[in-house]
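Visitor: Please see the structure below; I have some questions.
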Amino acid sequence: MKIGFEIDPKEYKGPFNLDLTINSGQTSQPAWLMKDGYFQELLRFDNKLCLIKIQQENVEGTLNIEAETEADLELESIRTKLMDIFSLNDDLNDFYDFLRKDSELKPTIDFCSGLRLFKAHDPFECIISSISSANCSIIRWNRSIRDIKSKWGEEYNSNSNSWYTFPSPDILKNVPEHDLEEMDRCETNLPDDHSFEKNLKSCGVGYRAKFMIKTAEIVQNQINIDAIHKMSYNNAFETMLDLPGVGPKVADCILFYGFGFKEAFPVDVWIGRIVSEMYFQGKEIKPLKAREFGMKKFANRAGYVQLYMFHYARKSGLLDRIRQLNKS
């Protein structure tokens, strides 16, 4: 069954740039793949698979959507899900009014117009993506997550193309960590040229493999992931810190990109330096201080401000200048 529909810009407040949002490096999920003029991704609706194709002919233009599924799905449930993933209910006009009141943040609007929170459609995928992203390039962790999906996710075929869901915690917790463990689990009489690539390290996640497996086990057995969004921010933050490989920055990434906690302010070394350059005359500040500053100053807009800060720094040349200063 194929369903075609549109989402008109009049249905949301403020601009929306689909391409910019999908390709901004948010750790909710890898960027959706561009095929035949559409961004495409396989989503799950109440355990029913649906291939989504979405395009925007021009910035701030109408969203054209095609949904392909073998299940019986209501159009409204698909529309609601996409409105949530692309945060189309967030009022960017109000957010831009807030940015214009701050001389340091006002310039970010021109570089980031239409950039929205790219919220996870699978919170567990966001948790693993965020762990994978630590000290890793966007291209690399995107590739790693796609590899994990293709090896252990549920497959859906469309027009000779294969799409995959992200594996459940129950599946991922049982994946071999490295090739030696995979080898030990295999039967004898394997071909001499057999390559062992059904292990997490073969997906390029390195030392993070053991964190991912243990995290999957904890999520499966100890955490009700569907209850996280109902927690207070502080309780949710502490819950994320209990996961292996999750420090304050990764915890805040998970809470913002995965569950929509907008008071989260993810800080790594580079965000710390950007905050320093914009608000502390370039004086060195610790990530913890930068995080506390961001959460206090920007309150329930902190996550969005961090998103705009980082994209602005990348595109305006600020990040390059900071890198040069730290080399000298």
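The values are calculated or read from the model by the stated rules, or taken from the named source; none is laboratory data. In this text, all values refer to a predicted model and were calculated from it rather than measured experimentally. Note that we place each Cβ from the backbone using ideal geometry, even for glycine, and neighbour counts take in every protein chain shown.
Visitor: Could you please give the count of residues in segment 275-304 that are surrounded by fewer than 22 Cβ atoms within 10 Å (Cβ to Cβ), among the aliphatic types (A, V, I, L, M) and under 22 Å from K101 (Cβ atoms)? Outline the logic, then answer.
Guide: Quick first cut of segment 275-304, residues surrounded by fewer than 22 Cβ atoms within 10 Å (Cβ to Cβ) only: 276-289, 292-293, 295-301.
Next cut, among the aliphatic types (A, V, I, L, M) only: 278, 285, 288, 295, 299.
In the following step, the residues that additionally are under 22 Å from K101 (Cβ atoms) were identified as 278, 295, 299.
Total meeting the criteria: 3.
Visitor: So for segment 88-111 (the condition being closer than 21 Å to A251 by Cα and either among the hydroxyl-bearing types (S, T, Y) or buried (at least 16 other Cβ atoms within 10 Å of the Cβ) (or both)), does at least one residue qualify?
Guide: Scanning segment 88-111, I find no residue that is closer than 21 Å to A251 by Cα and either among the hydroxyl-bearing types (S, T, Y) or buried (at least 16 other Cβ atoms within 10 Å of the Cβ) (or both), so the answer is no.
Visitor: Under 7 Å by Cβ, and 6 or more places apart or on different chains, what pairs join a residue from segment 147-176 that is more than 12 Å from I213 (Cα to Cα) and in a helix (DSSP H, G or I) with one that is at pLDDT below 95 and of a type in the set (D, E, K, R)?
Guide: The qualifying pairs are K151/K198.
Results for (1) of a type outside the set (V, I, T); (2) part of a loop (DSSP other than H, G, I, E, B); (3) touching a Ser or Thr at 6+ places or on another chain (Cβ under 6 Å); (4) outside the structural domain of Q29 (by TED's automatic domain parsing), shown as yes or no for each residue.
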| position | (1), (2), (3), (4) |
| --- | --- |
| V250 | no, no, yes, yes |
| C253 | yes, no, yes, yes |
| A264 | yes, yes, no, yes |
| V275 | no, no, no, yes |
| M278 | yes, no, no, yes |
| Q306 | yes, no, no, yes |
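Visitor: If a residue must be modelled with pLDDT under 95, of a type in the set (G, A, S) and in contact with a Leu (Cβ under 8 Å, 6 or more places away or on another chain), how many such residues does segment 48-107 contain?
Guide: The total comes to 1.
Visitor: For a quick check of your reading of the model, give me the residue pairs whose first member lies in segment 121-138 and is among the charged types (D, E, K, R), whose second is assigned to a loop (DSSP other than H, G, I, E, B), with beta-carbon atoms closer than 7 Å and at least 6 apart or on different chains.
Guide: Cβ pairs passing all conditions: D122/F166; E125/Q29; E125/F166.
Visitor: Is it the case that L243 is outside any loop (DSSP other than H, G, I, E, B) and out of contact with any Asp or Glu (no Cβ under 7 Å at 6 or more places or on another chain)? So that I can check it myself, show each step before the final result.
Guide: On the way: outside any loop (DSSP other than H, G, I, E, B): no; out of contact with any Asp or Glu (no Cβ under 7 Å at 6 or more places or on another chain): yes.
Answer is no for this residue.
Visitor: So W141 clears everything in (1) buried (at least 21 other Cβ atoms within 10 Å of the Cβ); (2) outside any helix (DSSP H, G or I); (3) not acidic (D, E) except one condition, right? Which one?
Guide: The single condition W141 does not satisfy is (2).
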